[in-house]
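> Encoded as structure tokens, here's the structure I'll be asking about.
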Amino acid sequence: MASQDWLEKDFYKVLGVSKDVADADLKKTYRKLARQYHPDSNPGDTVAEAKFKEISEAYSVLSDPDQRKEYDQIRAMGAGGARFTAGGQGAGGFEDVFSMFNQGGRGGGGRFQSGDFDDLFGMFNQGGGGTGFGSGRFGQPSGGFRGYGGPTRGADVTARTTIDFITATKGETITLQGEDGKPFKVKIPAGVSDGQKIRLRGRGRPSPDGGETGDIVVQVTVRPHPVFTRDGLNLRVTVPVTFTEATLGATIEVPTLGGDPVKLRVAPGTPSGRVLRVKGRGVATAKGTGDLLAEVQVAVPAHLDDAAREALERFHSLEPKENPRADLMAKARG
């Protein structure tokens, strides 16, 4: 609804645009000014905050086709001599104003009934029945402005925490210190990954005009584990085996995260790099449980005594005369 302030406020001047400004240019100008004077960009600056409210009020009217038309009509009356006077030469008086509603006219001795005043004053406030000026106001009850999309949301607060690998996989509730020095608790969900952000709704900074409170955004850093790495919900571990274990086959022990080792069968002829899977020994979350992926790595002995070297040389003379790089070379030649 209109306000008596419209007679005094030049919304076009507030936004620095012409009266025939197109909607697209109006929006572009407003967004530029809103970013410049937004309270989040000018914390503690009451002048900027007042300017922000002023441009938001102006845009809320000019961006609405109906309100803009009504505003232009009222401003035209104020600038064109249609004043609220007792009448007389050169002054249109009430007749000019009421002619907008086709209720009476000039020179005909027309009388204005109480309904005429209801329609007139309804333009200037949200009440009727001849209550006069002064009851209407812009904005939402919470203090925001329609042109900006409602009350301003409070700013988010960023916090950081570093947790160990097991805590990240199992989950835990930890305590952090807020920017105001007060402690607050954060529930770390099982399976949180390195760099993941946890949002605490409504725990950030308050809105400057009665809107929604911001959030606390906690960024999590996970310390690496000396043995295990994450692959989604799966855990990966590299398991060394001897040449004879890989060649002849063996049953080996594989570590698990925070639990007892499990036994795993290595089949004869297992090459280095093969991945063996242990079901259900990965990261357990509400969405599911991963597996333990054990990658076999053949360990080459760094030192051999004479007997071992002699035995290995005998094996070399007996092993199949296959070139393990033959397929590689053929693919390289294309």
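> Tell me, which residue of the stretch 273-283 that is of a type outside the set (D, E, K, R) and surrounded by fewer than 17 Cβ atoms within 10 Å (Cβ to Cβ) is farthest from Thr244 (Cα to Cα)? Don't jump to the end; show me each part of the working.
Narrowing the stretch 273-283 to residues of a type outside the set (D, E, K, R): 273, 275-276, 278, 280, 282-283.
Those left that are additionally surrounded by fewer than 17 Cβ atoms within 10 Å (Cβ to Cβ): 273, 275, 280.
Details: Gly273: 16, Val275: 18, Gly280: 29 Å.
Across the stretch 273-283, the extreme among qualifying residues is Gly280.
> Regarding the stretch 195-210, can at least one residue be identified that is farther than 30 Å from Pro151 by Cβ, small (Gly, Ala, Ser) and under 24 Å from the mean Cα position of the chain (by Cα)?
Yes: the stretch 195-210 contains one or more residues that are farther than 30 Å from Pro151 by Cβ, small (Gly, Ala, Ser) and under 24 Å from the mean Cα position of the chain (by Cα).
> Does Pro208 satisfy the condition of being within 30 Å of Ala48 (Cα to Cα), touching a residue at least 24 places away in the same chain (Cβ under 8 Å) and in contact with a helix residue (DSSP H, G or I) (Cβ under 8 Å, 6 or more places away or on another chain)?
For Pro208, the condition - within 30 Å of Ala48 (Cα to Cα), touching a residue at least 24 places away in the same chain (Cβ under 8 Å) and in contact with a helix residue (DSSP H, G or I) (Cβ under 8 Å, 6 or more places away or on another chain) - is met.
> So which residues in the stretch 144-172 are at pLDDT below 85 and surrounded by 15 or more Cβ atoms within 10 Å (Cβ to Cβ)?
Correct list: Gly144, Phe145, Arg146, Gly147, Tyr148, Gly150, Pro151.
> Oh, and also: Would you mention how many residues in the stretch 229-248 are hydrophobic (A, V, I, L, M, F, W, C) and outside any strand (DSSP E or B)? Give the derivation first.
So the first thing to find is which residues in the stretch 229-248 are hydrophobic (A, V, I, L, M, F, W, C), and the list is 233, 235, 237, 239, 241, 243, 246, 248.
Of the ones still in play, those that are also outside any strand (DSSP E or B) are 233, 243, 246, 248.
Number of matching residues: 4.
> Would you mind finding the one in Ala34, Ala24, Ala58, Ala48 that is exposed (fewer than 15 other Cβ atoms within 10 Å of the Cβ) and not assigned by TED's automatic domain parsing to the domain that holds Pro208?
Ala24
Quick grid of which residues meet (1) without any contact (Cβ under 8 Å) to a residue 24 or more places away in the chain; (2) touching a Gly at 6+ places or on another chain (Cβ under 8 Å):
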position: Lys197; (1), (2): yes, no
position: Glu212; (1), (2): no, yes
position: Arg223; (1), (2): no, no
position: Gly258; (1), (2): no, no
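> Let me ask something additional. Yes or no: Leu293 of a type in the set (A, V, I, L, M), within 49 Å of the chain's Cα centre (by Cα) and farther than 30 Å from Lys185 by Cα?
Working: of a type in the set (A, V, I, L, M): yes; within 49 Å of the chain's Cα centre (by Cα): yes; farther than 30 Å from Lys185 by Cα: yes.
In short, yes.
> Test of understanding: among Thr238, Thr270, which residue is outside the structural domain of Ile166 (by TED's automatic domain parsing), surrounded by 12 or more Cβ atoms within 10 Å (Cβ to Cβ) and over 42 Å from the mean Cα position of the chain (by Cα)? Walk me through it before giving the result.
Numbers: Thr238 fails: over 42 Å from the mean Cα position of the chain (by Cα).
After applying the criteria, what remains is Thr270.
> Looking for whichever is loosely packed, with under 11 Cβ neighbours inside 10 Å and either among the aromatic types (Phe, Trp, Tyr) or touching a residue at least 60 places away in the same chain (Cβ under 8 Å) (or both) here; the options are Ala326, Ala286. Which one fits?
Details: Ala326 fails: either among the aromatic types (Phe, Trp, Tyr) or touching a residue at least 60 places away in the same chain (Cβ under 8 Å) (or both).
Sole residue among the options that is loosely packed, with under 11 Cβ neighbours inside 10 Å and either among the aromatic types (Phe, Trp, Tyr) or touching a residue at least 60 places away in the same chain (Cβ under 8 Å) (or both): Ala286.
> Is at least one residue of the stretch 267-283 under 30 Å from Glu172 (Cα atoms), in contact with a strand residue (DSSP E or B) (Cβ under 8 Å, 6 or more places away or on another chain), of a type in the set (Gly, Ala, Ser) and part of a loop (DSSP other than H, G, I, E, B)?
yes
> Could you please find all residues in the stretch 31-74 being of a type outside the set (Ser, Thr, Tyr), under 19 Å from Gly211 (Cβ atoms) and in a loop (DSSP other than H, G, I, E, B)?
Across the stretch 31-74, the qualifying residues are His38, Pro39, Asp40, Asn42, Pro43, Gly44, Asp45.
The values are calculated or read from the model by the stated rules, or taken from the named source; none is laboratory data. What you are looking at is a predicted structure, and each value in this text was computed from that prediction instead of being measured. Note: ideal-geometry Cβ built from the backbone for every residue, glycine included; neighbour counts use all protein chains shown.
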